[in-house]
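The values are calculated or read from the model by the stated rules, or taken from the named source; none is laboratory data. Quantities reported herein were computed from a predicted structural model and do not represent experimental measurements. Glycine also receives a Cβ, built like all others from the backbone with ideal geometry; neighbour counts cover every protein chain displayed.
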């Protein structure tokens, strides 16, 4: 069998077991109207996000072998009525975008996040203006605190820790 034939056969076999290529993307439609798009093969599904989006990353959050979308939005929540940055996690459920976790808060006041090596790394502040960098790992219902990389430090020190191991983080969405 040729290389092209092997690739086609593998693609058909994977497709038969529900293993098709997928891609999440965020599109801005207006000032504070975004759409999270999931493309799987020829199918496209969208989830409307009527809030400003400051970051979107993808990765296997829960360790099931499929890629989820981590979306940072700016909004109020029922339990935290002040405007703030929040983390939402979406999954591919049979070709449809579905929420996995719509978080109101991680630990401190969320400034930014990224996903690397199976953990959500967050840049957070407290009410005194001190910075911390924490890591969270998926635990059934949502991200569970794992450890602080730095705690109650300057913004410069926190950013150095937050960006360590991922030099592409100097850019925003």
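Report whether or not residue 106 is within 16 Å of residue 138 (Cβ to Cβ) and at pLDDT below 95. Spell out the reasoning first.
Values: within 16 Å of residue 138 (Cβ to Cβ): yes; at pLDDT below 95: yes.
Here the answer is yes, as residue 106 does meet what is asked.
On the basis of being at pLDDT below 95, more than 25 Å from residue 162 (Cβ to Cβ) and more than 11 Å from the chain's Cα centre (by Cα), does residue 96 make the cut?
No, not satisfied.
I'd like to verify a number: residues in region 140-156 that are over 30 Å from residue 99 (Cα atoms) and either touching a residue at least 60 places away in the same chain (Cβ under 8 Å) or assigned to a loop (DSSP other than H, G, I, E, B) (or both), how many?
So the count comes out to 1.
Name the single residue, out of those in region 123-138 being within 16 Å of the chain's Cα centre (by Cα) and in contact (Cβ under 8 Å) with a residue 24 or more places away in the chain, that is farthest from residue 156 (Cα to Cα).
Top of the filtered list is 138.
For a quick check of your reading of the model, give me the residue pairs whose first member lies in region 22-51 and is at positive phi, whose second is surrounded by fewer than 13 Cβ atoms within 10 Å (Cβ to Cβ), with beta-carbon atoms closer than 7 Å and at least 6 apart or on different chains.
Pairs found: 41/21.
Let me confirm something: among 90, 113, which residue is under 25 Å from residue 147 (Cβ atoms), surrounded by 16 or more Cβ atoms within 10 Å (Cβ to Cβ) and at pLDDT 95 or above?
None of the others qualify; the one that does is 113.
Looking at the structure I just gave you, is residue 107 surrounded by fewer than 17 Cβ atoms within 10 Å (Cβ to Cβ), part of a loop (DSSP other than H, G, I, E, B) and in contact with a strand residue (DSSP E or B) (Cβ under 7 Å, 6 or more places away or on another chain)? Give the derivation first.
Working: surrounded by fewer than 17 Cβ atoms within 10 Å (Cβ to Cβ): yes; part of a loop (DSSP other than H, G, I, E, B): yes; in contact with a strand residue (DSSP E or B) (Cβ under 7 Å, 6 or more places away or on another chain): yes.
In short, yes.
Yes or no, residue by residue, for (1) more than 22 Å from residue 34 (Cβ to Cβ); (2) in contact with a helix residue (DSSP H, G or I) (Cβ under 8 Å, 6 or more places away or on another chain):
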| residue | (1), (2) |
| --- | --- |
| 58 | no, no |
| 62 | yes, no |
| 65 | yes, no |
| 98 | no, no |
| 123 | no, yes |
| 137 | yes, no |
